[in-house]
Amino acid sequence: MPVRVHRGIMDHPPIVVHLEHDGKVLLVDAQGNGPMAAERGRMAPAPSLRLPTPQEIEAMGITHSEPRQVDHGDITSGVTVLKAYPHVPWPASWPWKDDLISDNAVHPVARESVYRSLHRVVSKVIVVNAAGDVLMGRVARGHFVGHWTLPGGYLDHDEHPSDGCVREAFEEFGLRISLNASAPVVTQRIFDRRGLSFLSFTYTSNVTEGQDIRVETSEIAEGAWIPAVEAYEAAVSYFDQAALKAHLER
């Protein structure tokens, strides 16, 4: 039996599949016909487009990779979304995900699924002093309150990762740093059942001599220089652990 979710006239199936290929997403109408187009910025009175069911995809003759279940239970009770990669040539007739996300004719389940599939990008830095110790901060807010992490955070919209970690080191610790020439450690991971994907760039820097740590207390409770091995053992962030492990192995 279909499950009715959100306001509007559209009954939504209990299981749908988010098929995406290079920015294109398969949409169908309420009867499962597709592919259907999306219109950026459209203000429809009710949703009429959605993600297809497994049976509708099979009827179209589309095969796909092993699906990964994404939990939407925090916003949409009774609907399961399966995320998979379609085995098709680039589907020019499918709508761009950047168009469907602002189209009110597209059901919120599909729009939320596209939103959750976007990478969240963070930039971090291993700042090393003359003794070889690593700068760590005990976090005052956010994901890792009370734990020790490397300087860093979310990128601004128009910011390169190499600029973001320099900005964060100054905002959090009052340090003006320059980065080493070594390539950053790039790491990606999905952490929870919502399917949010984080992408991290971690650079390395030698702190400019003569500067004192001045923490921004709304973000960092305290800062400390910690031997690299101890910093690795204290780190709770997967990204920090991966970057510090690479630093120790250099």
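Only the coordinates and a few stated rules stand behind these numbers; no lab work does. For clarity, every value in this text was computed on a predicted model and none was experimentally measured. Cβ placement follows ideal geometry from the backbone for every residue including glycine, while neighbour counts extend to all protein chains displayed.
Can you compute the helix-only [θ] at 222 nm over the chain? Use -39500 (n - 2.57) per DSSP H run of at least 4 residues, normalise by all residues, nearest 500 deg cm²/dmol.
Estimated from H runs of four or more residues: -6000 deg cm²/dmol.
On a full-extension model of 0.36 nm per residue, what is the gain between Glu233 and Thr63, subtracting their alpha-carbon distance, rounded to one decimal in nm?
Fully extending the segment from Glu233 to Thr63 adds 56.8 nm.
State, as an integer percentage, the relative contact order of the range 72-186 based on alpha-carbon contacts under 8 Å between residues 6 or more apart.
Normalised by residue count, the contact order of the range 72-186 is 16 percent.
Compute log10 of I(q)/I(0) for the chain with the Debye formula, placing one identical point scatterer on every Cα and leaving out solvent, at q = 0.08 Å⁻¹, to two decimals.
-0.44
What dipole magnitude, in Debye to the nearest 20, does the chain give about its Cα centre under +1 on Lys/Arg Cβ and -1 on Asp/Glu Cβ?
Magnitude of the dipole: close to 580 debye.
Out of His21, His147, His160, any idea which swings most in a Gaussian network model of the chain, alpha carbons joined below 10 Å?
Taking springs between Cα atoms under 10 Å, the residue moving most is His160.
Would you mind getting me the FRET efficiency between Ala92 and Lys245? Use the beta-carbon distance for r and R0 = 35 Å, nearest 0.05.
0.25
Once the convex hull of the C-alpha atoms of the range 15-117 is built, how many Å³ does it hold per residue, rounded to a whole number?
Residue-normalised Cα hull volume stands at 93 Å³.
Using a 10 angstrom cutoff on alpha carbons, build the Gaussian network for the chain and name the most mobile of Ser77, Ser200, Ser117.
Ser77
Restricting attention to the range 85-179, which trypsin sites (Lys or Arg not before Pro) occupy a DSSP loop and are surrounded by at most 11 other Cβ atoms within 10 Å?
Qualifying residues, ordered by number: Arg141, Arg176.
For His119, His12, what's the fewest-to-most ordering of other Cβ within 10 Å of each Cβ?
Ordered by Cβ neighbours within 10 Å, fewest first: His119, His12.
With r defined as the distance between the Cβ atoms of Asp11 and Arg141 and R0 fixed at 41 Å, what FRET efficiency is calculated, to the nearest 0.05?
Rounded to the nearest 0.05, the efficiency is 0.45.
Could you check the spin-label model distance between His119 and Thr217? Points 7 Å from the Cα along Cα→Cβ, value in nm.
Using points 7 Å along Cα→Cβ, the separation is 3.8 nm.
If we count other beta carbons within 10 Å of each Cβ, what is the order of His247, His87, His107, fewest first?
So the residues, fewest neighbours to most, are His87, His247, His107.
Within the range 233-250, whose backbone N sits under 20 Å from a point 7 Å along Cα→Cβ of His160?
In the range 233-250, the label zone of His160 (backbone N under 20 Å from the point 7 Å along Cα→Cβ) covers no residue.
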